[in-house]
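Undergrad: The structure is given below, and queries will be raised subsequently.
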Amino acid sequence: MVAISALVVALCAVTVTVKVMRTDAITIEQERVLDQASLERQVAADLQGVGDDPVKVVACPASVVVKVGTTFSCSYLRRGNIQEADVEVTSDQGSLRVTAAA
């Protein structure tokens, strides 16, 4: 009787092990986001034209997903005025198109 119980337990263990090994692993891919400090530096650089007063401060949203077509606005300070820039992600590598809002 003990031998039969041991055999049943062993078969159950093998069955569970095989089932676990056959189960497809669930892959959770975390969305890539733009680094906020780098984003704000790039927006400031893109807004800086020859002869323009420098852009003093840029504030962009945190955790912007790197996905082509994503759009958002950043605020910036120039000549003592707070202004807006429209930003669009143009590649999956994080390239941006920055335009001063009208």
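A short reminder: the numbers here are calculations on the coordinates, not readings from a lab. Worth saying up front: this structure is predicted, and the values here are computed from it rather than measured. Backbone-built Cβ (ideal geometry, glycine too); neighbour counts: all protein chains shown.
Undergrad: Compute the signed sum of charges (Lys and Arg +1, Asp and Glu -1) over the other residues within less than 14 Å, Cβ to Cβ, of Gly49.
TA: Local net charge: -1.
Undergrad: Label point 7 Å out from Glu84 along Cα-to-Cβ: which residues of region 38-64 have amide N under 17 Å?
TA: Hits in region 38-64 for Glu84 at 17 Å: 58-62.
Undergrad: If we count every other residue with Cβ under 11 angstrom of Glu88's Cβ, Lys/Arg +1 and Asp/Glu -1, where does the sum land?
TA: Surrounding charge for Glu88 is +1.
Undergrad: How big is the dipole moment of region 36-100 about its Cα centre under a simple scheme where the beta carbon of each Lys and Arg is +1, that of each Asp and Glu is -1, and everything else is neutral? Debye, nearest 20, please. Working shown, then result.
TA: Working: 6 positive and 8 negative charges, 25 e Å.
About 120 debye.
Undergrad: Counting pairs of alpha carbon atoms under 8 Å apart in space and at least six apart in sequence, what relative contact order in percent does region 36-100 give?
TA: Details: 111 pairs, mean separation 17.8, N = 65.
About 27 percent, as a whole number.
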